[in-house]
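The values are calculated or read from the model by the stated rules, or taken from the named source; none is laboratory data. Keep in mind the model is a prediction, meaning the values are calculated, not measured. Cβ: placed from backbone, ideal geometry, glycine included. Neighbour counts: every protein chain shown.
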Amino acid sequence: MRKVVVSEFLTLDGVMEAPDKWSFQFWTEKAGEFKFAELFASDALLLGRVTYEGFAQAWPSMTDEQGYADRMNSLPKYVVSTTIPKGEWNNSTVLKENIVEEVSKLKQQPGQNILVFGSATLVQTLMEHDLIDEYWLMIYPVVVGNGKKLFRDGINTSLNLVETKTLSSGVIILSYQPVRKEEK
């Protein structure tokens, strides 16, 4: 069974919105190695519409020697949207309805992780339906004061810490697994 892994850049105050405005100054080679490993441990992307549209605009024209861009562009992509008629980015499938059922089916297929980047609304829906198997959170040593948060008001969930890594830039990578409802 595949795992749904949510990977997020977060500020100390829990904001995930617009990481391009606050994360670059903290980037290190070790951060790049982590992101490379997580992508290559996955064989599908699951994205919300806003994240998908941003990625679909940027990634097709990117290249790099390590193969990260090739991997991003070649992976199957599942975009959750009721407004996009079809996915224009290579290997894209639009999931318009029965999202919980569709993601559950994807998890039942053999393969590697299903990786979710960004996609706050989608992640919150997956949380509500206990479909997330692991969170990989890169916590940046910056406070931005406002913006879209990963855990919105009213979310009540318990997580088990699996692993921590501290980078020289002050970024902390935390890996958590949710405590399943039947485990509480």
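Quickly run through region 155-182 and pick out the residues that are among the small types (G, A, S) and over 20 Å from the mean Cα position of the chain (by Cα). Answer for region 155-182, where residues must be among the small types (G, A, S) and over 20 Å from the mean Cα position of the chain (by Cα): S168, S169, G170.
The residues in region 90-129 that are charged (D, E, K, R) and modelled with pLDDT under 95 can be counted, and the count is 3.
Condition check: farther than 28 Å from N146 by Cα and at pLDDT below 95. Does E17 satisfy that? Break it down into steps so the answer makes sense when it comes.
Working: farther than 28 Å from N146 by Cα: no; at pLDDT below 95: yes.
No: the conditions fail for E17.
E53 falls short of the stated requirement of being charged (D, E, K, R) and either part of a loop (DSSP other than H, G, I, E, B) or over 16 Å from the mean Cα position of the chain (by Cα) (or both).
Within region 59-80, count every residue that is among the polar types (S, T, N, Q), closer than 13 Å to F40 by Cβ and in a helix (DSSP H, G or I). Number of matching residues: 1. Condition check for K77 on (1) over 17 Å from the mean Cα position of the chain (by Cα); (2) on the phi < 0 side of the Ramachandran plot: one failure, at (1). Tell me whether region 61-70 contains one or more residues that are touching a Pro at 6+ places or on another chain (Cβ under 8 Å), at pLDDT 95 or above, closer than 18 Å to N113 by Cα and not polar (S, T, N, Q). Within region 61-70, not a single residue is touching a Pro at 6+ places or on another chain (Cβ under 8 Å), at pLDDT 95 or above, closer than 18 Å to N113 by Cα and not polar (S, T, N, Q). Consider D43 carefully, then state whether it is under 17 Å from the mean Cα position of the chain (by Cα), within 18 Å of Q109 (Cα to Cα) and not aliphatic (A, V, I, L, M). Yes; evaluated as a whole, the condition is true for this residue.
In region 64-86, is there at least one residue being touching a Phe, Trp or Tyr at 6+ places or on another chain (Cβ under 6 Å) and β-branched (V, I, T)? Checked region 64-86: at least one residue is touching a Phe, Trp or Tyr at 6+ places or on another chain (Cβ under 6 Å) and β-branched (V, I, T).
Just to check your reading of the model, which residue among T51, T82 is of a type in the set (S, T, Y) and touching a residue at least 24 places away in the same chain (Cβ under 8 Å)? Working first, answer last.
Working: T82 fails: touching a residue at least 24 places away in the same chain (Cβ under 8 Å).
Just a single option satisfies the conditions, and that option is T51.
Filtering region 156-176 to residues that are in contact with a Lys or Arg (Cβ under 9 Å, 6 or more places away or on another chain) and over 19 Å from A31 (Cβ atoms) leaves only S158.
Could you tell me whether region 2-14 includes any residue that is assigned to a helix (DSSP H, G or I), surrounded by fewer than 18 Cβ atoms within 10 Å (Cβ to Cβ), of a type in the set (D, E, K, R) and modelled with pLDDT of 95 or more? Step through it out loud before you land on a result.
Applying the first criterion (assigned to a helix (DSSP H, G or I)) to region 2-14 yields none.
No; the residues of region 2-14 include none that is assigned to a helix (DSSP H, G or I), surrounded by fewer than 18 Cβ atoms within 10 Å (Cβ to Cβ), of a type in the set (D, E, K, R) and modelled with pLDDT of 95 or more.
What residue, among those in region 67-92 that are among the polar types (S, T, N, Q) and loosely packed, with under 13 Cβ neighbours inside 10 Å, is nearest to A37 (Cα to Cα)? That would be S74.
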